[in-house]
Amino acid sequence: MLKTRSDLDDARLTKAAQAGDRDALETLLRRHQPKIHAICRRLAGNDADGQDATQEALIAIVRGLPRFHGTAKFSTWAYRVATNAALDELRRRSRRPVPAPAETDDRLAAAAAGDDPASVAVRLDLDAALAQLPEEFRAPVVLRDVAGCDYAEIGQILRIPPGTVRSRIARGRARLAEAMSANGGNHHDTPQRRNDEASRP
């Protein structure tokens, strides 16, 4: 049976895309866009900046693909690009005049879309708590708990040792829990966090 492009692994699709196969490139982008957007959205802290960072990341991936040598997995490289795009967006935002609260815009957009108010509140509580984390903790927590990356991959993305990744995630989660409690929000919980805690000696 012939394989379709959607059945091919990232390595084969990457080589095809680098050779000029547009369909292979589009398949790669569609495959990884949800996690790229999730990373950008959580790091940026609101829908508008998250979308801007996602677009910048996708453009950077397309432009940088010819220089991708395959020393890491395509996903690792793509998530590094996404992380950098989101952090760059945060730095640009810090230099801009302060607009109306993004939280208000997100609440209005969610209401218009018919989202459950309780889930919107939890999401905004998490955004507010993440915004209080320094970059060194925020990025590894998002990559672990939102993107589901393992410690080794996060180390490659952030270019830090796996032991440092583990330490920063633990400290970041602790700060996140404190911030959410202080804000009256729910405890931050993900399958990755439950697995990590269950594996502790």
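Kirkwood radius and radius of gyration were both taken over the C-alpha atoms of region 9-99, and their ratio Rg/Rh is 1.03.
With contacts taken as Cα pairs under 8 Å and at least 6 residues apart, region 9-99 reaches a relative contact order of 32 percent.
Once the C-beta distance of residue 12 and residue 92 is scaled by a Förster radius of 45 Å, the resulting FRET efficiency is 0.80 to the nearest 0.05. Each residue in 69, 37 was given a count of other beta-carbon atoms within 10 angstrom of its own, and listing them fewest first yields 69, 37.
Here 68, 137 are placed in order of increasing Cβ neighbour count within 10 Å, fewest first, which gives 68, 137.
Read-outs throughout are calculated quantities, based only on the coordinates presented, and are distinct from any laboratory measurement. Small disclaimer: the values here were computed from a predicted structure and weren't measured. Please note: Cβ atoms are built from the backbone with ideal geometry, for glycine as well, and neighbour counts cover all protein chains shown.
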